[in-house]
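Peer 1: Just passing along the structure, written as structure tokens.
Here, each number is a calculation from the coordinates, and none is a lab measurement. Every value quoted in this text rests on a predicted model; they were computed, and no experiment measured them. Ideal geometry is used to build each Cβ from the backbone, glycine not excepted, and the neighbour counts take in all protein chains shown.
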Amino acid sequence: MEIKVKEAAELFGGEIFGNDNATFSSVARIDEAHAGDLTFLYLPHYEKYFDSTKASVIIVKPDFKRSREDLTYIVTEKPNEAVQEIVIKYFAPKIKFKGIDSTAQIDPSAKIGENVTLGKNVVVSENCEIGDNTIILHNTVLMENVKIGKDCLIYPNVTIREECILGDRVIIHPGTVIGSDGFGFTPDEEGIYRKVPQIGRVEIGNDVELGSNVSVDRAAIGATRIGDGVKIDNLVQVGHNVQIGEHTVMSGQSGVSGSTKIGKHSIIAGQVGIAGHLELTDGVIIGAQSGVSKSLTKPGKYFGYPAKEWGQSLRLESHIRSLPEYSKKIKELEKRILELEEKLNKVK
């Protein structure tokens, strides 16, 4: 597919310098691009690749020095957003499979909306509801009383257990499980753990996206809730009765223990662990590999284990790194003190 630079630039109002009749057929990183590729440059760190890139077209900011005459430039204030628009328009993956496959098993009591796609071996159990234009791909299982909204995309090998509810425009990637049992066990008098029945559900809002191999546990009682616009990366664990506020994002390998509430517009970086029964206010940012052991009542950045306010954590980290130097100085001071004490004793 040959894409005209003029058409691409019109998507975001970009200004063309160079060959305005140029075309490109794919998008690539600046350090990996070849002839016929479009690339972009918006972080100073990648400017070192500018002289060697083999791309044909490059998107840059207005203040960038356009020193190569063999390139066609598209100039815009936000090259990264411009590339996103181009990718969405021309390169976003499209689901080729349409319709309901003959191997799909649909219970007669299920309600299927218009223009729904069900792939091979999809199971739709009793009293399920699926909204218009939703796509559910191969080997996905919906257990009893599941409700899925409109315009959703559920990739292969997803399991959605009984009673769970999904809003509109939800995207779920392969291997994810919605509504698995919460980790509920209590020891008896002999120290043997007995299972506590998990009789709640999961409620997912609109415009939510869950990565691959995410586990969202059903509530013990009531609902585990994921708010509108939440984005969750691969390999994330959401415990039973957790509440995640609107437009919060969570990166890979993070985990939230049961009954914790996370506010709106928060950012949870990779490998963050959050203990149970806590409350995190709106607008919290938690740095990678942090451990949150107590509630966070003020918006802002937190980091470390246990997680502390960003500035305090960095100061402590600086002192920890200086411990060998501190130790050396302390030993020198102790030696000097001993010498002074010996001199004072001789004077006496």
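Peer 1: In whole Å and largest first, what semi-axes does the C-alpha gyration tensor of the range 281-330 yield when each eigenvalue is scaled by 5 and square-rooted?
Peer 2: The answer is 27, 9, 8 Å, longest axis first.
Peer 1: Expressed as a whole number of Å, what is the distance separating the alpha-carbon centroids of the range 281-348 and the range 139-155?
Peer 2: 51
Peer 1: With a 10 Å radius around each residue's Cβ, average the other Cβ atoms per peptide and rank 277-286, 312-321, highest first.
Peer 2: 277-286, 312-321
Peer 1: Which order do the peptides 336-345, 157-166, 19-28 come out in when sorted by mean C-beta neighbours inside 10 angstrom, highest first?
Peer 2: Going from most to least packed, we get 157-166, 19-28, 336-345.
Peer 1: Separate question: Which FRET efficiency value, to the nearest 0.05, is calculated for F17 and K94 with the Förster distance at 25 angstrom and r the Cβ-Cβ distance?
Peer 2: FRET efficiency, F17 to K94: 0.20.
Peer 1: Related question: Given a cut-off of under 8 Å on Cα pairs at least six residues apart, what relative contact order in percent is computed for the range 189-297?
Peer 2: In percent, rounded to a whole number, it is 17.
Peer 1: Could you sort the peptides 234-244, 213-223 by per-residue average Cβ neighbour count (10 Å cutoff), highest mean leading?
Peer 2: Packing proxy ranking, top to bottom: 234-244, 213-223.
Peer 1: Wrap a convex hull around the Cα atoms of the range 6-150, take a quarter of its surface area, and give that in square nanometres.
Peer 2: 11.5
Peer 1: Please report, largest first and rounded to whole Å, the three semi-axes of the ellipsoid equivalent to the range 102-204, where each semi-axis is the square root of five times an eigenvalue of the C-alpha gyration tensor.
Peer 2: In descending order, the three semi-axes are 30, 13, 13 Å.
Peer 1: Test of understanding: express the Cα radius of gyration of the range 3-91 as a ratio to 2.2 N^0.38 Å, with N the residue count.
Peer 2: 0.93
Peer 1: In nm, give the distance between the simple-model label positions of K294 and D63, each being 7 Å from the Cα along the Cα-to-Cβ direction.
Peer 2: Those two pseudo-labels are separated by 4.3 nm.
Peer 1: Considering the chain as a Gaussian network with a 10 Å cut-off on Cα pairs, which listed residue, P156, P174, P306, attains the greatest mean-square fluctuation?
Peer 2: Among P156, P174, P306, the largest mean-square fluctuation in the Gaussian network model of the chain belongs to P306.
Peer 1: Still on this structure, I have one more. Return one quarter of the surface area of the convex hull spanned by the alpha-carbon atoms of the range 105-311, equal to its mean projected area, in nm².
Peer 2: Result: a mean projected hull area of 11.6 nm².
Peer 1: Based on DSSP, what percent of beta bridges with both residues in the chain are antiparallel, to the nearest 5?
Peer 2: In the chain, DSSP labels about 15 percent of beta bridges as antiparallel.
Peer 1: Cα convex hull of the chain: how many Å³ per residue?
Peer 2: Hull volume over Cα atoms, normalised by residue count, gives 231 Å³.
Peer 1: Would you list the membrane-span-like helices of the chain, meaning whole DSSP H runs whose alpha-carbon atoms span at least 24 Å along their axis and whose mean Kyte-Doolittle value is at least 1.6?
Peer 2: Span-like helices, by this rule, are absent here.
Peer 1: Still on this structure, I have one more. I'd like the distance separating the alpha-carbon centroids of the range 202-224 and the range 103-134, in whole Å.
Peer 2: 20
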